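Engineer: One structure follows; several queries about it will come next.
Rule-based calculations on the coordinates, nothing more; no lab input. These numbers come from a predicted model, not from an experiment. Every residue, glycine as well, gets a Cβ built from its backbone with ideal geometry; the counts of neighbours run over all protein chains shown.
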Amino acid sequence: MNGDILSEVCGVAADVFAIDALSLTGASSPEQIEAWDSVQHLSLVLALEDKYGIQFAPEEMERMKDLGAIATLVRTKIT
Amino acid sequence: MELSDLRHEIEELLAGGEWREASWRLQVLWDKHGSAPLAGFAVTAYSRLRDQLKLASHRCAILRSFTVEPIVPILKACAFRWGIDLDIHVGEFNAYAQELLDGSSRLYAFHPDSVILAVRTHDLAPELEQGASYAEVVDRVTGQYAGWIRAFRGNSTASLIVHTLERPAITTQGVYDSQLMDNQANAIEQINRNLRKLAAEHRGIYFLDYDALVARHGREHWGDERKWLSVRLPVAAANLIYMAQEWMKFLAPLAGRQAKCVAVDLDNTLWGGVIGEDGMAGIQLGPEYPGAAYQAMQRALLDLSRRGILLAVSSKNNPQDAWEVLRDHPGMLLEPEDFTAMRTNWNDKAQSLREIAAELNIGLDAMAFVDDNPLERQQVREQLPEVMVVELPSDPLQYARSVRDCPVFERLTLSDEDRQRGTYYAAERERQALEQSAPTREDFYRSLAQEAEIAPVNALTLARVAQLTQKTNQFNLTTRRYTEQQIAELARRPGWRLLSIQVRDRYADNGLVGVAITCDRGAVCEIDTFLLSCRVIGRTIETALIASLAEEARARGARRLDGWFLPTKKNAPAKDFFAQHRFQLISESAEGQHWGLDLTSAEPRVPQWVRVFVAAEKV
């Protein structure tokens, strides 16, 4: 289940950052991805909120250190 | 088709270079699923098609008091979908006042075509949320806006879209607020009213009713309080698309993406059921459900027609069956006369649309198409990519809303000509009948009894003149597009003359149908713009106008009248204009032809069958 969500999260992130989804993994983080700045981080969060019909708290947004952490958070909200 | 399949298909088509196929699927994808998570994909895909699609470019600056960055890609995707390549500049946080007031700001350096001023009540007038003395706040805020708008007009000819202020979800004084005459809601409404008054004093200032937008989607659900408090974003993720779509309703007309005609299907679009099978008594059309959905649709189309958008029928039907419903069904809100062109036959719809466009003398890129059948829509999207296809959802109750939400039907100003457009076309049909019965061409011209009134542009005609420069493609020698602000600015320049021409004949007052702009340079009078609406082409009005220009130029001391023909894909009807009026070709390049007329010898004469009135100087 987490694997599916992770690949979906990678897909959304790839669209937001305009990069190839295959280059993203759970370990992908703002340090590695040049396009992942604070503005794009917000866009990513909003894209996920809209896609899954969920909302993230400010504290949760700060815990999103990499795509794996984001996928885990998404999973807790939709199950 | 599932979203993921459609995406996959688009990616493959893009990789294979099949841009036309990819392009119409992208339209469907965005129409059906347009949203924040899909914006990145759509923008990337459209960017790859940029060179293949005929996109209008438009520069838009967003001045704001809140976070708009996540809306930018969504807005770009919406714009791409309607054929606009948007270049966006986002102003610094809460720097809108400085940017508007300072002529050397980054805003003006960007040379925007349009500017969105997105400021919230909370940021502009926090007192309104704290129960201050409202009258003072109203005066202060109105005064601020007045200063900004004045400065903006002094510094730029761009259009300005101003968000009105929104009411708070909960008033500071609770229900007691409603008991007061001088209350919070009232103060905000007063400011908005004042803003509208301000706009009327200037050209090209438009209001986006932000309060109505928020209310339409539910005040409680519009924003996500945590996002507001943490990242200054007042719009919840799911509503970002609605903000972008609302902006598009302004940007589409400003970028010139406007439908002049909408061709509609009949069965299951204007009524429920199939007339050929269900018969008059069997189709659904009336004030009760399910017929009410179709009446709502007809009402939406009637509203478009009142904006000057021509209605046409494109239906696969027996003409008699269709005609019977249009004429006799008690549930019909639209009447046969509301339709300017009709194609009820068994041809494919692309063919019908081509014929309708030709009959009305408009480009296919000014045609919109409404049909409940996805296959018909697909066929039109495939064969006629210029046509603006409205995506209808499967539920008929949502048809009317889909039509009303379509940005290419929006108008920011309405001229008398727009409101009368349907009757012009009816008169045209009578003229054509006369033309066929008249023994000679001259007899036809004489019997038309045409009168042309040529007058300098004034405050009343400015909007229509700008509109004509924006929309006229065929009989247009230079196709220079001007906004109202630019027209006003040209009119103030010394040596420039901006003339409008109004034409009446025995059948109708055609209204303001032509524009000529000239500039005197020494002994030469140069024609900057010369255009006529297709409505009057072929009736020697062009000769009357050029003759009048020549006569006036000579009276002002000019020895030559010069003009250019700059060819476009569409202005072939104007190609021979100069040669026909005895101009001599001076030079020719890839860009176009330069023609001149020696005013010291010959000059064209006003045809004897056109009575020309030249109005006095500027009002």
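Engineer: Mean separation of Cα pairs under 8 Å and 6+ residues apart, divided by the residue count of the stretch A:2-78: what relative contact order is that in percent? Let's see the in-between values first.
Structural biologist: Values: 68 pairs, mean separation 32.7, N = 77.
That works out to 42 percent.
Engineer: Report, in debye and to the nearest 20, how large the dipole of chain B comes out about its Cα centre when Lys and Arg carry +1 and Asp and Glu carry -1 on their Cβ.
Structural biologist: Details: 71 positive and 84 negative charges, 383 e Å.
Charge dipole, chain B, about its Cα centre: 1840 debye, nearest 20.
Engineer: Another question, if that's okay. If you filter the stretch B:516-619 for trypsin sites (Lys or Arg not before Pro), then keep DSSP loop positions with at most 16 other Cβ within 10 Å, what is left?
Structural biologist: Details: sites: B:Arg521, B:Arg535, B:Arg539, B:Arg554, B:Arg556, B:Arg559, B:Arg560, B:Lys569, B:Lys570, B:Lys575, B:Arg582, B:Arg605, B:Arg611, B:Lys618; in loops: B:Arg539, B:Arg556, B:Arg559, B:Lys569, B:Lys570, B:Lys575, B:Arg582, B:Arg605, B:Lys618.
Taking the stretch B:516-619 and a limit of 16 other Cβ atoms within 10 Å, the loop trypsin sites (Lys or Arg not before Pro) found are B:Arg556, B:Arg559, B:Lys569, B:Lys570, B:Lys575, B:Arg582, B:Arg605, B:Lys618.
Engineer: Right, next: Dipole of the stretch B:170-277 (Lys/Arg Cβ +1, Asp/Glu Cβ -1, origin at the Cα centre): which of B:Ser178, B:Gly272, B:Val214 lies farthest to the positive side?
Structural biologist: So the residue furthest toward the plus end is B:Val214.
Engineer: If you don't mind, there's one more thing I want to ask. Past the 30 Å Cα-Cα mark, which pairs from B:Lys76/B:Lys570; B:Lys197/B:Lys570; B:Lys249/B:Lys316; B:Lys76/B:Lys569; B:Lys32/B:Lys227? The partial results should precede the final answer.
Structural biologist: On the way: B:Lys76/B:Lys570 27 Å; B:Lys197/B:Lys570 39 Å; B:Lys249/B:Lys316 32 Å; B:Lys76/B:Lys569 26 Å; B:Lys32/B:Lys227 27 Å.
Too far apart for the 30 Å limit: B:Lys197/B:Lys570; B:Lys249/B:Lys316.
Engineer: Then there is this: How much length is gained if the chain between B:Lys32 and B:Ser47 is pulled fully straight, taking 0.36 nm per residue apart and subtracting their Cα-Cα distance, in nm to one decimal?
Structural biologist: Roughly 3.4 nm would be gained on extension.
Engineer: Most exposed first by the Cβ proxy, i.e. fewest other Cβ within 10 Å, how do B:Thr67, B:Thr461 rank?
Structural biologist: B:Thr67, B:Thr461
Engineer: Show me the trypsin sites (Lys or Arg not before Pro) within the stretch B:142-237 that DSSP assigns to loop and that have at most 14 other Cβ atoms within 10 Å of their Cβ.
Structural biologist: none
Engineer: Using a ≥ b ≥ c from the Cα gyration tensor of the stretch B:479-526 (square roots of the eigenvalues), is it rounded, prolate or oblate, where a/c under 1.5 gives rounded and otherwise the larger of a/b and b/c decides, a/b for prolate?
Structural biologist: Prolate, because a/c is 1.5 or more and a/b exceeds b/c.
Engineer: Here is a follow-up. Could you give log10 I(q)/I(0) at q = 0.23, 0.24 Å⁻¹ for the stretch A:2-78, computed by the Debye formula over C-alpha point scatterers of equal weight, without solvent?
Structural biologist: -1.07, -1.19
Engineer: So, one more: Step through the residues of the stretch B:329-340 one at a time and calculate ³J(HN,Hα) from phi using the Karplus curve (6.51 cos²θ - 1.76 cosθ + 1.60, θ = phi - 60°), rounding each to whole Hz and writing x for Gly and Pro.
Structural biologist: Once θ is set to phi - 60°, the couplings for the stretch B:329-340 become 5, x, x, 5, 8, 7, 10, x, 5, 6, 9, 7 Hz.
Engineer: Taking the Cα centre of the stretch B:261-409 as origin, work out the dipole magnitude from +1 charges on Lys and Arg Cβ and -1 charges on Asp and Glu Cβ, in debye rounded to 20. Please list the in-between numbers first.
Structural biologist: Numbers: 12 positive and 24 negative charges, 77 e Å.
Value, rounded to 20: 360 debye.
Engineer: While we're looking at this one, here's another question. Could you derive backbone 3J(HN,Hα) for the stretch B:313-328 from the dihedral phi with the Karplus parameters 6.51, -1.76 and 1.60 (θ = phi - 60°), listing whole Hz in sequence and x where the residue is Gly or Pro?
Structural biologist: Each residue of the stretch B:313-328 in turn: 9, 10, 9, 8, 7, 6, x, 5, 4, 5, 4, 4, 5, 4, 8, 10 Hz.
Engineer: Moving on to the next point. With unit charges on the beta carbons (Lys and Arg positive, Asp and Glu negative) and the dipole taken about the Cα centre of chain A, which residue among A:Ser43, A:Ser23, A:Cys10 sits farthest to the positive side?
Structural biologist: In chain A, that residue is A:Cys10.
Engineer: Taking amide H atoms as placed 1.01 Å from N in the peptide plane, list the residues 5 or more away in sequence, or in a different chain, whose amide H sits under 5 Å from that of B:Asp562.
Structural biologist: The list, which skips near neighbours in sequence, is B:Cys525, B:Glu526, B:Ile527, B:Leu597.
Engineer: Note down, for chain B, the three equivalent ellipsoid semi-axes (square root of 5 times each alpha carbon gyration tensor eigenvalue), biggest first, whole angstrom.
Structural biologist: 42, 35, 24
Engineer: Quick one: which residues, 5+ away or cross-chain, put their amide H under 5 Å from the amide H of B:Arg64? H built at 1.01 Å from N.
Structural biologist: Close amide H contacts, sequence-distant or interchain: B:Gly91, B:Asn94, B:Ala95, B:Tyr96, B:Ala118.
Engineer: Pick out, from B:Met243, B:Ala79, B:Ala97, the residue whose Cα sits farthest towards the positive end of the charge dipole of the stretch B:55-254, with +1 on the Cβ of Lys and Arg and -1 on the Cβ of Asp and Glu.
Structural biologist: The listed residue farthest towards the positive side: B:Ala79.
Engineer: Can I ask one more? How big is D for the protein assembly as shown, in µm² s⁻¹ as a whole number, if Stokes-Einstein is applied with the Kirkwood radius of its Cα pairs at 10 °C and 1.306 mPa s?
Structural biologist: Answer, rounded: 56 µm²/s.
Engineer: Using Cβ counts within 10 Å as a stand-in for footprinting exposure, how do B:Leu26, B:Leu208 rank, fewest first? Walk me through the numbers before you get to the answer.
Structural biologist: Details: B:Leu26 25, B:Leu208 19.
Listed from fewest to most nearby Cβ atoms, that is B:Leu208, B:Leu26.
Engineer: Per the helix-only calculation at 222 nm, which mean residue ellipticity applies to chain B, given -39500 (n - 2.57) for every DSSP H run of n ≥ 4 and division by its residues, nearest 500 deg cm²/dmol?
Structural biologist: Calculated from helices alone, the mean residue ellipticity at 222 nm is -13000 deg cm²/dmol.
Engineer: P(r) for the stretch B:122-181: what percent of alpha-carbon pairs falls in each 5 Å bin, starting at zero?
Structural biologist: Cα pair-distance distribution for the stretch B:122-181, in percent: 4, 14, 21, 21, 15, 10, 7, 5, 2, 0.
Engineer: Then there is this: Quick check: pseudo-label points 7 Å beyond the Cα along Cα→Cβ at B:Thr568 and A:Lys77, how many nm apart are they?
Structural biologist: 4.7 nm
Engineer: About its Cα centre, how strong a charge dipole does the stretch B:432-614 have in debye, to the nearest 20, once Lys and Arg get +1 and Asp and Glu get -1 at the Cβ?
Structural biologist: With Lys and Arg at +1 and Asp and Glu at -1, about 220 debye.
Engineer: Follow-up question, since we're still on this one. How far, in nm, would the chain grow between B:His221 and B:Leu434 when pulled straight, counting 0.36 nm per residue and subtracting the alpha carbon separation?
Structural biologist: 70.6 nm
Engineer: Can you list which of the GluC sites (Glu not before Pro) found in the stretch B:130-236 are DSSP loop residues with at most 11 other C-beta atoms within 10 Å?
Structural biologist: In loop regions of the stretch B:130-236 (DSSP not H, G, I, E or B), the sparsely surrounded GluC sites (Glu not before Pro) are B:Glu201.
Engineer: Once amide H atoms are placed 1.01 Å from N in the peptide plane, what residues at a sequence separation of 5 or more from B:Gln284, or on another chain, have their amide H within under 5 Å of its amide H?
Structural biologist: Amide H neighbours of B:Gln284: B:Gly272, B:Gly273.
Engineer: Just to check I understand the Karplus step: with θ = phi - 60° and J = 6.51 cos²θ - 1.76 cosθ + 1.60, what whole-Hz values come out for the stretch B:415-430, glycine and proline as x?
Structural biologist: 9, 4, 4, 4, 5, 8, 3, x, 5, 4, 6, 5, 4, 4, 5, 5
Engineer: Using Cα pairs closer than 8 Å and at least 6 residues apart in sequence, work out the relative contact order for chain B, in percent.
Structural biologist: 10 percent
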